[in-house]
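Accompanying notes for the structure given below.
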Amino acid sequence: MTGKLFFQALGKFFAGLIVVSALLFVPAGTLKWPAAWLFLGILFIPMFAAGIVMMIRSPQLLRKRLNAKEEQKEQKTVVVLSGVMFLCAFVAAGLNYRFGWIPLPGWVSWAGAGLFLAAYLLYAEVLRENAYLSRTIEVQKDQKVVDTGLYGIVRHPMYSATLLLFLSMGLVLGSVISFAILLCYIPIIVKRIGNEEKVLLEGLQGYGGYRKKVKYRLIPFVW
């Protein structure tokens with residue numbers, strides 16, 4: 001653990017907290033929005049805890065997770081599209097609350113929160129199983145194919161977890177409009193997986209055999 005890594009992680013954490021809060025509360029025109037506070041809590045409290053655990057137990061993994069700079073042109077496009085998607089989804093949720101466009105019962109937010117936390121646990125398990133995970137598409141030095149646990153069910157369990165995370169966000173915020181916007185993540189992640197598999201086939205020994213062994217990419221028995 002280094003001081004530089006600690007402050008880098010802390011800086012990105014608080015920057016994310018401030019930006020997401022602004023995107024929600026400014027369009028909503030009020031801080032008195034219980035669903036938004038629920039969302040911020042279930043998003044950032046586990047994130048902070050996971051960061052502390054990685055800082056202590058696996059600083060290298062934390063360093064990889066903080067590096068979001070993509071080198072490939074296709075993935076830069078994916079990152080931009082994802083950013084636009086979140087921007088639109090959060091702003092739409094705030095406006096939806098402010099003007100009461102399509103009100104949903106309160107239990108929807110709590111059900112979405114349960115799904116969100118379940119997806120967070122799935123994501124944590126993926127991080128535990130695969131020490132090579134990074135936020136960018138690359139083949140690392142001495143990287144080996146991971147084919148056990150969740151990786152024995154689908155080839156990209158991290159994306160399976162993020163799919164559940166992102167789709168549940170609109171439910172937590174009580175916004176059908178945001179849920180519809182976040183459905184755009186499906187074609188975005190399909191594009192990312194296609195490019196990632198091409199890179200892994202070319203650079204990671206044994207990945208071709210792994211693809212034959214584990215048929216499904218994202219959702220068991222579906223795709």
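Any read-out appearing in this document is the output of simple, stated calculations on the displayed coordinates, not a laboratory observation. Remember, it's a predicted structure, so these values are computed and weren't measured experimentally. Positions of Cβ are generated from backbone atoms using ideal geometry, with glycine treated the same way; all protein chains shown enter the neighbour counts.
Per-residue ellipticity at 222 nm from helix content only, as computed over the chain with -39500 (n - 2.57) for each DSSP H run of at least four residues, stands at -24000 deg cm²/dmol.
Each Lys or Arg adds one and each Asp or Glu subtracts one; over the other residues with Cβ under 14 Å from the Cβ of Val214, this totals +3. For the chain, hydrophobic long helices are taken as DSSP H runs at least 27 Å long by C-alpha position along their axis with mean Kyte-Doolittle hydropathy of -0.5 or more; these are 3-28, 34-57, 73-99, 106-129. Fully extending the segment from Thr30 to Leu95, taken as 0.36 nm per residue of separation minus the present Cα-Cα distance, adds 22.3 nm.
Sorting the segments 26-37, 156-167 by their mean number of nearby beta carbons within 10 angstrom, highest to lowest, gives 156-167, 26-37.
For the pair Ile56 and Leu81, the difference between a 0.36 nm per residue extended length and the Cα-Cα distance amounts to 5.7 nm. Inter-label distance, Ala49 to Leu117: 0.8 nm, where each label sits 7 Å from its Cα along the C-beta direction. Take 180-188, 144-152 and order them by the average number of nearby Cβ atoms within 10 Å per residue, most first; the result is 180-188, 144-152. Peptide packing for 41-52, 85-96 was compared via the average number of neighbouring C-beta atoms within 10 Å per residue; ordered from the highest value, the list is 85-96, 41-52.
Mean separation of Cα pairs under 8 Å and 6 or more residues apart, divided by the residue count, gives the chain a relative contact order of 27 percent. The modelled label-to-label distance for the pair Lys198/Ile186, using points 7 Å beyond Cα in the direction of Cβ, is 2.3 nm. Among the listed values [x] 18.0; [y] 18.6; [z] 19.4, the one matching Kirkwood radius over Cα pairs in Å as calculated from this structure is [y].
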